[in-house]
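One structure below.
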Amino acid sequence: MSQISKNIALIKQRIIQATDEAKRDSEQIHLLAVSKTKPVEAIEEAYRCGIINFGENYLQEALQKQIKLKDISLTWHFIGPIQSNKTKEIAKNFTWVHTVDRLKIAERLSRQRPTHLPELQICIQVNISAEPTKSGCLPSEVLALANAINALPNLKLRGLMAIPEPTENITLQRKAFAELFRLKQTINAQLSFSLDTLSMGMSHDLESAIIEGATWIRIGSAIFGERSYKV
Ligand SMILES: *Cc1c(COP(=O)(O)O)cnc(C)c1O
């Protein structure tokens, strides 16, 4: 067995354990393999283990990989910060975008989404701990942004995403994820449509995220190994 296949088996065990503890159905947890900085060979190996959803943070890196991997049917998720000049290629080449945090970006993605493709699946990134330096909109801004995105064609607003401050403290991990869950419930009570997605949880905190209601967990290093540079 390759290291990647062992790692994936281990992640699946961790998902099962956490869903058991949370009395949730493990079918509700979707695994996004975060392949940033990793070579296409690693993605091919994960694909052979049954992984089809891959997350990338850097557009140029992602596009190069997509070209090399065009013969296998993968689903690509954009999970990095988005500048306006990147929206066109993101709209053309991804199925999901987890990191929309302002209306201008959503409007561009909507306008630039090729109409022969299905609606682009969108999560609003929330700065859940309201850290001044972090990306994501403030919790108080989410409702207005959700309504505005919902009114745009070619996009399908699915839910919320957050990257809380990394901590080993389980109580603090769960507190941040619980806040995102509560925010989704509050928003859903005020919308005419319903958000069904919470993109939260990474290699070190996936259990806490699952217990608090994650539907997508984004796992990089626990599948592909540590990255050689920090991003
Ligand atoms: C890098 C990254 C991940 C994966 O992080 P790991 O700790 O390696 O699992 C998940 N989400 C986002 C947005 C990332 O940038």
- Of S135, S192, S199, how do they rank once you tally other Cβ atoms within 10 Å and put the fewest first? S192, S135, S199
- Item | Reachable aspartates and glutamates, given that their alpha-carbon falls under 18 Å from the alpha-carbon of K134 and they are not under 8 places away in the same chain | D101, E165, E179
- Query: Can you tell which of A33, A189, A176 shows the greatest fluctuation in a Gaussian network model of the chain with Cα springs below 10 Å?
  - Reply: A189
- Message: Using a Debye calculation, one point per C-alpha and no hydration shell, please list log10 I(q)/I(0) for segment 13-111 at q = 0.10, 0.16, 0.20, 0.23 Å⁻¹ in order.
- Response: -0.33, -0.75, -0.98, -1.13
- Task: Post the alpha-carbon centroid distance, segment 77-144 to segment 197-231, in whole angstrom.
- Result: 19
- Give, to the nearest whole percent, the P(r) tail of segment 121-192 beyond 15 angstrom, counting all Cα pairs. 54
- Message: Give me the three principal axis extents of the chain from the C-alpha atoms, as integers in angstrom, largest value leading.
- Response: 48, 41, 32
- Message: Compute a Gaussian network model of the chain, connecting alpha carbons closer than 10 Å, and tell me which residue from L152, L59, L31 fluctuates the most.
- Response: L152
- Identify which of V100, V126, V40 has the largest mean-square fluctuation in a Gaussian network model of the chain, with springs joining Cα atoms closer than 10 Å. V40
- Could you compute the FRET efficiency for N150 and S129, with r as their C-beta to C-beta distance and R0 at 25 Å, rounded to 0.05? 0.45
- Restricting to lysine pairs 8 or more places apart or on different chains, what number in segment 1-116 have Cα atoms under 22 Å apart? 27
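Hey, got a sec? Which GluC sites (Glu not before Pro) in segment 135-195 land in a DSSP loop and have at most 10 other Cβ atoms within 10 Å?
E168
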- Query: Fully extended, how many nm does the chain gain between A9 and I52 (0.36 nm per residue separation, minus their Cα-Cα distance)?
  - Reply: 14.0 nm
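Quick one: order D196, D71, D101, D25 by neighbouring beta-carbon count within 10 Å, fewest to most.
Least to most surrounded, the residues fall as D71, D25, D196, D101.
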- For each of E45, E21, count neighbouring Cβ atoms within 10 Å of the residue's Cβ, then give the residues from fewest to most. E21, E45
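Taken together, the values in this text are just the output of simple stated rules run on the coordinates, not laboratory data. From a predicted model like this one, the values you see are computed outputs, not experimental measurements. Cβ coordinates were reconstructed from backbone atoms using ideal geometry, including for glycine residues, and neighbour counts include every protein chain displayed.
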